[in-house]
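Visitor: This structure is in structure tokens; I'll ask about it shortly.
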Amino acid sequence: MPELPEVEIMSRNLQRWVGGRKVEHLEVVDPRVVAGGDPRLSIGLKVCSAWRRGKYAILDLGDKGHLVFHFRMTGKVVPRRPTGRARLWLRAGDREIAFEDARCLGQIWWQSVGSLDAFFAARGLGPEPWPGAKEGEWWSARLQGLRGPIKPALMRQERVAGIGNILASEACWRASVSPMRPVPEVSEAQWSALAGAVHETIEHTLAAESGDEIVYVNQGGEGSFSVYGRLGKPCARCGASIERMMQSGRATYWCPACQPLS
Ligand SMILES: [Zn+2]
């Protein structure tokens, strides 16, 4: 599932592919992909820029509106003619871009200009944890009041936007913090370690996964991860076996030796 780094890569790709070009054609192949508005209103408009907010990618179409993509489990934008997996495609200049989605859960909205802030406000999206470096105090304040374990808390989009299941597991490992540690018991030093770890994990994933097409781990991609999907394999830091457990219905991977609870 795409999280902040993967959506950042797709936003950069969209900018590279269609930034500055005019949308000449747009076809909704599967109407279920449209969650709001009419994406065909993009036709004839120039793509001023493409950017990311949380796990959403946005095509800025100037003073008329925006096309907003949410990829959910398996959605992705790719630079090719539409195949059987395409739910929507567009042509801008000499580029063809397809929105592919094997599980058909991704969504696209047309948002008229001026309505984007309200769109994200309605979704209760918290502030971005990146690219500006954040201090431990910032994280501690953002997650204040939560009682449960730290790993699912990191994924609360209304507190901080963009952190998903993989990033949360990886950041806890990098910070040597147990994913089970209750938020109120995270020490100052651990908040500081988590702040650095989130930033480093994002930078690492961006460097490792940049390319024209994201291959998700749940679709056979190997990923560039230290613990995620590595059940039973040795921890890169201490050699102990990586373990897996369920937290809030999602798989958490961690090293019991270097992420102890006590
Ligand atoms: Zn370890």
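Visitor: To the nearest 10 Å², what's Ser248's accessible area with a 1.4 Å probe?
Guide: Accessible surface of Ser248 is approximately 100 Å².
Visitor: Using only helices, what value at 222 nm comes out for the chain when you add -39,500 (n - 2.57) per DSSP H run of length 4 or more and divide by the total residues, to the nearest 500 deg cm²/dmol?
Guide: The per-residue figure over the chain is -7500 deg cm²/dmol.
Visitor: Provide the gained length on full extension for the span Asp63 to Glu213, in nm with one decimal, where the gain is 0.36 nm per separating residue minus the Cα-Cα distance.
Guide: 51.0 nm
Visitor: Which value, in Å² and to the nearest 10, is the accessible area of Cys104 when all protein chains are kept and the probe is 1.4 Å?
Guide: The accessible area comes out at roughly 50 Å².
Visitor: Using the structure shown, list the pairs from Lys64/Lys134; Lys76/Lys233; Lys55/Lys233; Lys55/Lys151; Lys46/Lys134; Lys22/Lys134 with a Cα-Cα distance above 27 Å, or answer none.
Guide: In this structure, Lys64/Lys134; Lys76/Lys233; Lys55/Lys233; Lys46/Lys134; Lys22/Lys134 exceed 27 Å between Cα atoms.
Visitor: Along the Cα→Cβ direction, 7 angstrom out, place labels at Val29 and Ala122. What is the inter-label distance in nm?
Guide: Result: 2.8 nm between the two label points.
Visitor: Let me ask something additional. Please work out, to two decimal places, the log10 of the ratio I(q)/I(0) at q = 0.17, 0.20 Å⁻¹ from a Debye calculation in which every Cα of the range 18-168 carries one identical scatterer.
Guide: Once normalised to I(0) and log-transformed, intensities are -0.99, -1.21.
Visitor: Based on alpha-carbon centroids, what's the gap between the range 12-28 and the range 64-92 in Å, whole number please?
Guide: A separation of 10 Å, based on Cα centres.
Visitor: Here is a further query. Please work out the average accessible area per residue across the chain, using the 1.4 Å probe convention, and give it in Å².
Guide: 43
Visitor: Take every Cα-Cα distance within the chain, group them into 5 Å bins from 0 onward, and report for each bin the whole-number percent of pairs it holds.
Guide: 1, 6, 13, 17, 17, 15, 12, 8, 6, 4, 1, 0
Visitor: What share of all Cα pairs of the range 1-96, in percent, falls into each consecutive 10 Å distance bin?
Guide: 17, 54, 29, 0
Visitor: Residues with beta-carbon under 13 Å from that of Ile43, excluding Ile43: net charge, scoring Lys, Arg +1 and Asp, Glu -1?
Guide: +3
Visitor: Still on this structure, please answer the following. Rounded to two decimal places and with Rh computed the Kirkwood way over Cα pairs, what is Rg over Rh for the range 108-154?
Guide: Ratio of gyration radius to Kirkwood radius for the range 108-154: 1.09.
Visitor: Could you give me D for the range 140-259, from Stokes-Einstein at 10 °C and 1.306 mPa s, where the hydrodynamic radius is the Kirkwood radius over C-alpha pairs? Units µm² s⁻¹, please.
Guide: In µm²/s, the coefficient is 109.
Visitor: Roughly how many nanometres apart are two label points built 7 Å out from the Cα toward the Cβ at Glu158 and Lys233?
Guide: 3.6
Visitor: Leaving out ligands, DNA and RNA, what percent of the accessible area of the range 112-262 is carbon and sulfur, probe 1.4 Å?
Guide: C and S atoms contribute 50 percent here.
The values are calculated or read from the model by the stated rules, or taken from the named source; none is laboratory data. Because the structure is a prediction, the values reported are computed rather than measured. Every residue, glycine as well, gets a Cβ built from its backbone with ideal geometry; the counts of neighbours run over all protein chains shown. What goes into the accessible areas is simple: the full protein's heavy atoms, side chains included, and nothing from ligands, DNA or RNA. Shrake-Rupley method; radii C 1.70, N 1.55, O 1.52, S 1.80 Å.
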